[in-house]
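The structure under discussion appears below in the form of structure tokens.
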Amino acid sequence: MGKNFLAISELNRAEIVEILDLAKDLKQMQKQGEAHARLAGKTLAMIFQKPSTRTRISFEVGMFQLGGYALYLGPNDIQIGQRESIADVARTISRYVDVIMARLFGHEDIIELAGAAAVPVINGLTDLLHPCQIMADILTVYEKRESLDDLKVTYIGDGNNVANSWINLAARLPMTLALAVPEGYDPDPEILAAAKEANISDIQIYRDPVAASHNAHVLYTDVWASMGQEAEAEERKKVFRPFQVNTELVAVADSHCLIMHCLPAHRGEEITAEVIDGPQSIVFDEAENRLHVQKAIMVKLLGADKQVI
């Protein structure tokens with residue numbers, strides 16, 4: 001694993017599996033009350049331009065469980081790139097902490113932050129990518145299916161940062177990835193082209209969510225309008241209405257299909273309440289696994305994965 005964790009595409013297949021296996025071990029230790037304070041005395045700086053529920057809580061609690069300390073820096077605390085340049089913030093914070101997690105708008109900003117920082121930087125989310133979420137997602141699928149072989153994932157909705165990170169994962173782990181998105185809302189073309197060139201997975205874009213969902217082992221969706229797209233919300237509702245995950249769509253998927261959503265969810269829009277709250281939903285399992293996979297990422301970045309407690 002390199003110095004930073006900015007995108008799943010920076011990892012190879014073996015490194016992805018190592019993180020997943022370490023996350024499972026750390027999760028078991030935490031559940032059994034076993035000591036796993038591998039980052040005792042270490043400090044995490046958490047920089048937020050966007051509000052957060054899961055990202056803040058999972059990183060803060062995770063660092064505490066690993067024996068370290070997490071420092072929250074909200075949108076008004078340092079105003080990264082406004083009061084002070086991104087590079088200067090990175091150089092300064094690097095003198096105080098051992099690792100930085102940032103949840104930003106522009107992906108170019110986290111690249112600049114990582115380039116100037118002397119400590120590891122973790123991408124907690126940008127408008128382009130959401131790698132921690134997808135690592136938690138694939139960990140959850142791994143737990144539920146006990147294998148990553150012969151996996152078909154159908155992503156339904158906006159070709160956003162979540163979709164882009166699923167594509168990055170499919171460029172490293174073999175799967176069938178079907179992306180049902182309305183025309184004009186496709187994933188990032190460079191990310192898609194690079195994944196297809198890798199020729200690891202069968203990756204296809206669909207305009208028909210029913211066709212994309214046939215025999216899927218996972219049906220995955222996200223909100224139709226992400227943070228920063230509030231002005232487009234009403235128009236997006238009209239465009240995306242045929243892409244709702246509902247019982248009719250679940251019926252064409254595999255009979256044991258897993259229902260996933262990165263949250264927050266708008267019940268009645270991108271997914272119906274009966275599906276997200278139904279027996280096939282693993283939405284809150286994947287939310288929990290943000291904690292465990294991010295702990296594994298921090299442990300790996302700080303070289304504490306071989307440490308014996």
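Laboratory data are not the source of any read-out in this text; all were calculated from the coordinates shown. This is a predicted model, so every value here is computed, not measured. Please note: Cβ atoms are built from the backbone with ideal geometry, for glycine as well, and neighbour counts cover all protein chains shown.
Here are some notes:
- Qualifying GluC sites (Glu not before Pro) for the stretch 133-187 [loop in DSSP, other Cβ within 10 Å: at most 16]: GLU146, GLU183
- Between 0 and 90 degrees, the angle of helix 54-65 with respect to the longest Cα principal axis of the chain falls at about 40 degrees.
- Pairwise Cα separations in the stretch 77-214 fall into 10 Å bins from 0 onward with the following percentages, short to long: 12, 35, 28, 18, 7, 0.
- Relative exposure of THR221, THR247, judged by other C-beta atoms within 10 Å (fewest first): THR247, THR221
- All Cα pairs of the stretch 1-110, percent lying beyond 20 Å: 49 percent
- For ASP25 and TYR72, a Förster radius of 41 Å and the Cβ-Cβ distance give a FRET efficiency of 0.90, rounded to the nearest 0.05.
- Net charge dipole size for the stretch 107-170 [Lys, Arg +1 and Asp, Glu -1 on Cβ; Debye, nearest 20]: 180 debye
- Top positive-direction residue, dipole computed over the chain with Cβ charges, set LEU169, THR43, HIS261: THR43
- Whole-number D in µm²/s for the chain (Stokes-Einstein; Kirkwood sum over Cα pairs; 10 °C, 1.306 mPa s): 81 µm²/s
- Charged side chains reduced to their Cβ positions (Lys and Arg at +1, Asp and Glu at -1) give the chain a dipole of some 940 debye around its Cα centre.
- Computed lengthening from ALA35 to GLU235, 0.36 nm per intervening residue step minus Cα-Cα distance: 66.9 nm
- The stretch 133-287, relative contact order in percent, only Cα pairs under 8 angstrom and at least six apart counted: 24 percent
- As a length-normalised measure over Cα pairs under 8 Å and 6 or more apart, the relative contact order of the chain settles at 21 percent.
- Distance violations [Cα-Cα > 24 Å] among LYS24/LYS152; LYS31/LYS152; LYS27/LYS50; LYS27/LYS196: LYS31/LYS152; LYS27/LYS50; LYS27/LYS196
- Cβ-defined net charge surrounding LEU39, 14 Å radius [Lys, Arg +1; Asp, Glu -1]: +2
- Along its principal axes, the stretch 173-223 has C-alpha extents of 27, 26, 18 angstrom, given from the largest down.
- Overall Cα dimensions of the stretch 249-300 - principal axes, largest extent first, Å: 40, 24, 14
- The alpha carbons of the stretch 154-309 give a radius of gyration and a Dmax of 16.5, 55 Å, in that order.
- For the stretch 1-116, averaging the sequence separation of C-alpha pairs within contact (under 8 Å, six or more residues apart) and dividing by the residue count gives a relative contact order of 28 percent.
- Dipole magnitude of the stretch 133-287 about its Cα centre (Cβ charges: Lys, Arg +1; Asp, Glu -1), debye to nearest 20: 140 debye
- Within the shell of other residues whose beta carbon sits under 10 angstrom from the beta carbon of PHE59, the net charge comes to +4, with Lys and Arg scored +1 and Asp and Glu -1.
- Ellipsoid equivalent to the stretch 127-205 - semi-axes via the Cα gyration tensor, in Å: 19, 14, 12
- Label zone (SER85, point 7 Å along Cα-to-C-beta; backbone nitrogen cut-off 18 Å) within the stretch 99-125: 108-119.
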